[in-house]
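The values are calculated or read from the model by the stated rules, or taken from the named source; none is laboratory data. In this text the structure is predicted, and so the values were computed from the model without any measurement. Using ideal geometry, Cβ is built from the backbone for each residue, glycine included, and neighbour counts are taken over all protein chains shown. The protein model used for the area step is the full one, side chains on, heavy atoms only, and it has no ligands, DNA or RNA in it. Shrake-Rupley method; radii C 1.70, N 1.55, O 1.52, S 1.80 Å.
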Amino acid sequence: MSGAIYSDAWYKIANAHVGLLPGVKATPQSYRGQAWVVLEDAYAHRFFRITPDAHDFLKTLHPGISVDEAWQSYLRAHPERAPGQEEVVQLLSQLHISNLLHFQDGADSRQIDQRANETQQREFKSKALSFLYFRVPLWDPDDFLTAADRWVRHLPAWLVWALWLGVLAAGTAAVVTDWQRVASSSQGAFALANLPWLYLCLAVMKVVHELCHGLACKRHGGSVHTFGLMFLVTTPLPYIDTTASWTFPNKWDRMLVSSAGMMADLFMAAAAAWVWASTGPGLVNSLAFNVMLIGSVSSLLFNGNPLLRFDAYYVLADFLDIPNFYQKAQSYWFYLGDRYLLGSHAARTPVDVPSERKWLLMYAPVSLVYRLTVSYAIVLFVMDLWLGLGLVVFCITFYMLIVAPTWKAAKHLTGPRTQAHRWRAWLGVGGVLLLAGLLLAWPLPYAITSPGVIQFSRASVLKAPMDARLVQAVPGNGQWVEAGEELMRFDADPLRLDMLQLERERDELLALHRAALAQRAADVEPLLEQLDTKNQRLLELQRRLDALTVRAPHRGRYVTLEGRERQGSWLNQGVELGHVLDGAGGYQFVAVIPQEQARELFGVTLGERQVRLRGQAHVALAVDSLVILPYDRARLPSAALGWLGGGEVPVTNDDQHGEKAVEGFYEVRAVVRPPPQSEADLRLMHGLKGVLRIELPRRSLFQRASDTLRQLLQKRYQLN
């Protein structure tokens, strides 16, 4: 006997005449060594999992006898495994909700009907609230897949796997051997001109992806009757219904159906990578790169992520033999709260086998955090498209993730299931709320970190003054130079010719000016203006002529990678020529801080400041002084801090040097104290990357969250 023997609601269904629908198909399955039976409604494609004992009891039900008569008869025949009345009430209620039962009369089934109506209302409310995610069925692909399966069956399985692995290996080799080209090409993938082609490739690949799911399901005996469009955050994508695979007895067959789409994506991505590597610039090359990008990113980041309820989630659930993994993990945490926080000894665990506990315990909180992160990203995405719709989505998301669970918990707390231990439940919830309030309101240590580079306190970057030919590089790399010493000399002949011509034009104007003084007084003033213009132009040319001789701005060691090797070459303005580094003045750490964090450095007392260098993070360098440049900047102090140099700061694509940041920042210069003798293994070198950490006054988590929200609204939507 399982469950409670008697139930208060038994009299409401005892005289009901029910039975399983004739179209219901029962399939035995095994999960973690336990036997189960999966019931399937072949018409509505609904599924329900029950124990073999419950299935044996259901087989005794038919409209000719009442539920009470069938239960009494089964109890006499199998007293050791007969279900209790409460279990029968729940079982029949859930089967009726799943449309798997036939009722001869409904007069005594009001309790079951009431539960069914409540469930239908919840389903309707859930669909109404998730209006950004809905499906539209379009086509029954079963006949098409049946015909395609006849052709596929002629291919040996070993040949299919060998072809898949071979193409995957070839595509991977093409990407790895030309990785730098892949990285540079990916920058233009989201260019405006490529977006239509990108979406076209996505649509075609998703159709193939879904058809491969259906073909795998058909290959193992399942039926596939629905193919349609799924609108995911206003983006139409195809989908196919392969729920028939849930009845497959072999879990590896179910896993193959779930992973068939990802395998197709990877196959198309690998084949496209080989085409991309073998073709030159053009439409075919661009389309191949789009397919390669979509196939790899889609499979690995979305369908391959078990925290999202896509392909990898179902693969993981079948691999672990835990059907309804997400719901079961939630139910297990609800059970833990009900049993140990509220003190309900009547709470029933959803765990079927002890080995499930660790998976259920781990999956629920991780998936919840990821779900909140994805919801946050979706809300921001919709608000960027249309602020009004984004606010509606935010309200709905807040209701579904915060308000509705809170209201459900409050109803449970005040409901009849906690009546026997009400004070224990209130004390447990009160303690949790008090702890959460203290955690949010208690001031905690707070610090900001920013990336930067080590530089000599006196360090200068030398760049080509203008487009010109390098005539001579005077000192070699690594030589010590003094302030004003000549380093490089560019070709000045074109400028000298311009100056000579201007001087002759000036002399002509001077002669005209002298003549005007004696004969035409009205021409004196215009001639003086022309003379002034010529003199200004001569001064400008003289300044540019002087700049063609590059001199050391201060004493130090001259470092250049290609000095004398560039002699005779034409160099464009702004090209880096070298550095003059003077280590006698010590070191400074130049860091970049986003505008959102920079305001926190003004008007407060800064705490401990330290620098840790990459590769030498075990040593914290003390900061003697800190200078915050009080104006916005756009060009990074070093390209190593930008994305193109392996740093964290986003940079624009139109700057070939990789130094122009996408957003303005503030620059912080910290004078770094040399390491003590005990840390002689620490090496300070110009250009080393690291992190500056600045401690600020303590702040609570609530203050940080509210400040972050205000900054987000002000920055993205200009809302104060």
For segment 501-633, the Rg and Dmax computed from alpha carbons only, in angstrom: 27.1, 85
Unit charges at the beta carbon, dipole of the chain: most positive-side option, A670, A511, A269: A670
Model label zone, R564; criterion: amide N under 12 Å from point 7 Å along Cα-to-beta-carbon; scope segment 479-500: 479
Dipole in debye (nearest 20) - segment 275-351, about Cα centre, beta carbon charges: Lys, Arg +1; Asp, Glu -1: 200 debye
Once the Cα gyration tensor of segment 203-350 is diagonalised, semi-axes √(5λ) in Å: 37, 18, 14
Axial C-alpha extent at least 24 Å, average Kyte-Doolittle at least 1.0 - helices from the chain (DSSP): 157-177, 357-385, 422-441
Packing-based order for 411-417, 586-592, using average beta carbon neighbours within 10 Å, highest first: 586-592, 411-417
Residue pairs, from the table K206/K328; K25/K59; K358/K408; K206/K358; K463/K660; K660/K715, whose Cα atoms sit over 23 Å apart: K206/K328; K358/K408; K206/K358
Dipole-positive endmost among T172, L75, L626 within the chain (Cβ charges, Cα centre): L75
Longest to shortest principal axis, alpha-carbon extents of the chain, angstrom: 133, 67, 65
Relative contact order (%) - criterion: Cα under 8 Å, at least six apart; region: segment 369-460: 11 percent
Computed accessible area, L372, all protein chains, 1.4 angstrom probe, square angstrom: 80 Å²
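With +1 on each Lys and Arg Cβ and -1 on each Asp and Glu Cβ, and nothing else charged, work out how big the dipole of the chain is about its Cα centre, in Debye to the nearest 20.
Here the chain has a charge dipole of around 1480 debye.
If exposed means no more than 12 neighbouring beta carbons inside 10 Å and the site is in a DSSP loop, what's the longest run of the chain without any exposed GluC sites (Glu not before Pro)?
Here the longest run is 81-481.
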Highest average packing first - 513-524, 212-223, 360-371, Cβ atoms within 10 Å: 212-223, 360-371, 513-524
Longest to shortest principal axis, alpha-carbon extents of segment 143-270, angstrom: 47, 38, 25
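Quick one: compute the contact order of segment 42-103, relative version, from alpha carbon pairs under 8 angstrom and 6+ residues apart, as a percent.
That works out to 41 percent.
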Chain lengthening between V671 and E540 when straightened (0.36 nm per residue, less Cα-Cα): 43.4 nm
Pairs of Cα atoms farther than 19 Å apart, segment 323-371, %: 23 percent
Cα lying deepest toward the dipole's positive end in the chain, options V471, A244, F103, charges on Cβ: F103
Dipole magnitude of segment 440-574, debye to nearest 20 (Cβ charges: Lys/Arg +1, Asp/Glu -1, about Cα centre): 520 debye
Semi-axis lengths, Å, segment 392-511, gyration tensor of Cα atoms, sqrt of 5 times eigenvalues: 82, 24, 13
Contact order normalised by residue count of segment 531-658, Cα under 8 Å, 6+ apart, percent: 12 percent
